[in-house]
Amino acid sequence: MKKLALSLAFVAFASSAYAAPETFVIDATHTTPRFEYKHFGYFNQIHSFDKTSGQLIYDPVAHTGSVDITIDAKSVNTGFDLLNQHIQDADFFDTAKYPTITYKSTAVKFRDNKPYEVEGNLTIKGITKPVTLKLTSFQMMMNPMFKKMEVGANAVAHIKRSEFNMSKYAPMVSDDVTLSIAMEAIKQ
């Protein structure tokens, strides 16, 4: 019995040692990028985007990964049509010229065998700046509905909208913006 257990442990270890990076495609129905800012000093406004695509590559054995996210800026959702249109104007996202927002990782950092931080480049209105996403949660497990492995994560970053040519109404509408992405991605 001991030999069988030892053999099984060796096989499990050997197979995990040769694990290859796996590709996960973002599940648009369970992914919500949000942005939050202080509005005229009254309270924090929180808005979201309804359409997101992309993928991540993850290798839990080699502790490597990459993230590539595209957000449809025209899918901004404030809850009010007039404000949605206003935010899409040239003063803000200028979606007529720049219909997408992208984030492409340059490095994924691991701690305790899990990713905890993603360094990358955020592009808004054609302007690219380095932005670090801090992961507040990360989980890989079998999705009980799809019967496929899935990755879920929550990520947060802080930016200044003026760095992306969107400083209208500052400082009454805060320059500091908190980005947060709640994401699920399904293994392909």
**Message:** I'd like to check something: does region 159-175 contain any residue that is in contact with a helix residue (DSSP H, G or I) (Cβ under 8 Å, 6 or more places away or on another chain) and either acidic (Asp, Glu) or under 17 Å from Tyr58 (Cβ atoms) (or both)?
**Reply:** yes
**Fill in**
Residue pairs qualifying under the 6 Å Cβ cut-off, at least six apart or on distinct chains, with the first in region 60-77 being in contact (Cβ under 8 Å) with a residue 12 or more places away in the chain and the second being of a type in the set (Asp, Glu), are Ser75/Asp50; Asn77/Asp50
**Residue ID - surrounded by the most Cβ atoms within 10 Å (Cβ to Cβ), chosen from residues in region 162-188 that are among the polar types (S, T, N, Q) and farther than 18 Å from Lys134 by Cβ** = Ser174
**Prompt:** Exactly one of (1) assigned to a strand (DSSP E or B); (2) of a type outside the set (Lys, Arg); (3) in contact with a helix residue (DSSP H, G or I) (Cβ under 6 Å, 6 or more places away or on another chain) is unmet by Thr95. Its number?
**Reply:** (1)
**Request:** Consider Val156 carefully, then state whether it is in contact with a strand residue (DSSP E or B) (Cβ under 8 Å, 6 or more places away or on another chain), at pLDDT 95 or above and crowded, with 18+ Cβ neighbours inside 10 Å.
**Result:** no
**Complete:** The correct count of residues that are over 11 Å from Val76 (Cβ atoms) and either at pLDDT below 95 or assigned to a strand (DSSP E or B) (or both) in region 31-57 is 18
**Item:** Considering residues of region 98-116 that are part of a loop (DSSP other than H, G, I, E, B) and either at pLDDT 95 or above or β-branched (Val, Ile, Thr) (or both) only, the residue surrounded by the most Cβ atoms within 10 Å (Cβ to Cβ)
**Value:** Tyr98
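The values are calculated or read from the model by the stated rules, or taken from the named source; none is laboratory data. Bear in mind that the values here come from a model prediction, so they are computed numbers and not experimental data. Positions of Cβ are backbone-derived with ideal geometry, glycine not excepted, and every protein chain shown enters the neighbour counts.
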